[in-house]
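**Student:** A single structure is presented below for examination.
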Amino acid sequence: MELEGEELEAILRKLYVCYQCGTCTAGCPVARVIADFNPRQMILRLKQRDFAILDNFKAWYCAACHTCSEHCPQNIKFSEVLMELKNYLAKQGEIPPGTLMIYKDLEYVGIISEFTQAIARRRAALKLPEVQVDDETLKEISKLTELTGWHDIIHSVKVQVSNPKNSED
């Protein structure tokens, strides 16, 4: 993976004070269930400019619970660094196919998951309002994606079944 530039350097500078105590990984709920996701290892390898650690969309596994940030003795906001990295990677066309579909669904349909009858029944039982996405809402969503640049990003990425970094050609 070819990554470079001032934007990336600004993101990585936030990791310099890490002394690899492992508190981030010890508290991470994702690390408990996905062996490949290890915040301490990610920080070490990012500091070493070993961007292979980001292969297979690993940065996107973060649940953004901020547990790592809350417990870090060096006050590194690693979950925020990962959010910035995901934005940077998205601009490079590195978005997991499922995530890309969610973004496109939000822009075109106004919701990010199929609205089933079961969900409608649960909402009614909880006395929640009926979900309605009208044309005005879709226009607002579209305007926001254009203003933030996400429209161009999500429409420039070609969906691939496998991660391009792992292909032989």
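The values are calculated or read from the model by the stated rules, or taken from the named source; none is laboratory data. Since the model is a prediction, treat every value here as computed from it, not as a measurement. Neighbour counts run over all protein chains shown; Cβ positions are idealised from the backbone, glycine included.
**Student:** From the list Ala90, Ala125, Ala118, exactly one residue is at pLDDT 85 or above, surrounded by 13 or more Cβ atoms within 10 Å (Cβ to Cβ) and out of contact with any Lys or Arg (no Cβ under 9 Å at 6 or more places or on another chain). Which is it? Spell out how you get there, then give the answer.
**Tutor:** Numbers: Ala125 fails: surrounded by 13 or more Cβ atoms within 10 Å (Cβ to Cβ); Ala118 fails: surrounded by 13 or more Cβ atoms within 10 Å (Cβ to Cβ).
Exactly one residue qualifies, and that residue is Ala90.
**Student:** Can I ask one more? Which one is farthest from Ala26 (Cα to Cα), of the residues in region 37-80 that are touching a helix residue (DSSP H, G or I) at 6+ places or on another chain (Cβ under 6 Å) and touching a residue at least 60 places away in the same chain (Cβ under 8 Å)?
**Tutor:** Asp55
**Student:** Search region 9-57 for residues being in a helix (DSSP H, G or I) and among the β-branched types (Val, Ile, Thr), and hand back the single one that is nearest to Gln74 (Cα to Cα).
**Tutor:** In the first step, residues of region 9-57 are kept if they are in a helix (DSSP H, G or I); the result is 9-13, 23-27, 29-33, 39-47, 51-57.
From what is left, the residues that are among the β-branched types (Val, Ile, Thr) are 11, 23, 25, 30, 33, 43, 53.
Details: Ile11: 16, Thr23: 10, Thr25: 14, Val30: 21, Val33: 25, Ile43: 13, Ile53: 22 Å.
Going through the qualifying residues, I end up with Thr23.
**Student:** What are the pairs, 6+ residues apart or on separate chains, where a residue within region 124-144 that is free of Cβ contacts under 8 Å to residues at least 24 places away in the same chain has its Cβ under 9 Å from a residue that is among the basic types (Lys, Arg) and part of a helix (DSSP H, G or I)?
**Tutor:** Sorted first by the residue in region 124-144, then by its partner, the pairs are Leu128/Arg122; Pro129/Arg123; Glu130/Arg123; Val131/Arg123.
**Student:** So, one more: List every residue pair whose Cβ atoms sit under 6 Å apart, with the two residues 6 or more apart in sequence or on different chains, where the first one lies in region 8-19 and is in contact (Cβ under 8 Å) with a residue 60 or more places away in the chain and surrounded by fewer than 16 Cβ atoms within 10 Å (Cβ to Cβ) and the second, anywhere, is part of a loop (DSSP other than H, G, I, E, B) and small (Gly, Ala, Ser).
**Tutor:** Partner pairs satisfying both residue conditions: none exist.
**Student:** Taking region 26-39, which residues are under 18 Å from the mean Cα position of the chain (by Cα) and buried (at least 17 other Cβ atoms within 10 Å of the Cβ)?
**Tutor:** Cys28, Val30, Ala31, Phe37, Asn38, Pro39 - these are the residues of region 26-39 that are under 18 Å from the mean Cα position of the chain (by Cα) and buried (at least 17 other Cβ atoms within 10 Å of the Cβ).
**Student:** Name the helices (runs of 4 or more DSSP H) wholly within region 70-127 that hold at least 1 residues that are within 30 Å of Leu44 (Cβ to Cβ)? Explain how you work it out, then say what you get.
**Tutor:** Values: elements: 78-91, 97-109, 117-125.
It comes to 78-91, 97-109.
**Student:** If you take the residues in region 93-107 that are crowded, with 19+ Cβ neighbours inside 10 Å and touching a residue at least 60 places away in the same chain (Cβ under 8 Å), which one is nearest to the chain's Cα centre (by Cα)?
**Tutor:** Looking at the filtered set, the residue picked out is Ile95.
**Student:** Specify which of the listed residues (Val30, Val17) is closer than 13 Å to Tyr61 by Cα, among the aliphatic types (A, V, I, L, M) and modelled with pLDDT of 95 or more. Quick ask: steps written out before the conclusion?
**Tutor:** On the way: Val17 fails: closer than 13 Å to Tyr61 by Cα.
It is Val30.
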